[in-house]
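Student: Sharing a structure below in structure tokens format, with a few things to ask.
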Amino acid sequence: MFISGLSMYGALFLLPLYYQQVRGASALGAGLLLAPQGIGALLPRTLAGRLTDRIGPRPVVLARHGDRGGGHRPVRAGGAHTSELLLSLVLVVRGAGLTTANIALMVARSRGCPVSRSPTRAA
């Protein structure tokens, strides 16, 4: 969870700075340019749970963390003239990867919890 949080919140700090300082966007413009990541985060929600139940959380988390590392290449190598469409697609994939990995981590964390200790049990 620490590594997942670090990759998510670290990039959420750096990506607006990239859009503002390198690409010349305003604060509002940088926020709007990050919207594809939110859209990407919504897409795999049900699929991630089913995939985690089918093959287990470990392969899902490892695949998604590896995917995120390679997915930042256009941003790292990009400059002021990198395609907006390419950057938006990278953010959609990044958002989907974050959601998938986080769901798998939550499933792994709660899998061994007895029902009696679950906060969602009936009173």
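Student: Inspect the range 90-108 for any residue being more than 16 Å from the chain's Cα centre (by Cα), modelled with pLDDT of 80 or more and of a type outside the set (Asp, Glu) and give the result as yes or no.
Tutor: Yes, the range 90-108 has at least one match.
Student: Would you please list the contacts, defined by Cβ atoms under 7 Å and residues six or more apart or on different chains, that run from a residue in the range 98-123 that is surrounded by 10 or more Cβ atoms within 10 Å (Cβ to Cβ) to a residue that is modelled with pLDDT under 80 and in a helix (DSSP H, G or I)?
Tutor: These pairs meet every condition: 98/8; 100/64; 101/4; 101/64; 101/65; 102/4; 105/4.
The values are calculated or read from the model by the stated rules, or taken from the named source; none is laboratory data. This is a predicted model, so every value here is computed, not measured. Glycine gets a Cβ as well: all are built from the backbone with ideal geometry, and neighbour counts include every protein chain shown.
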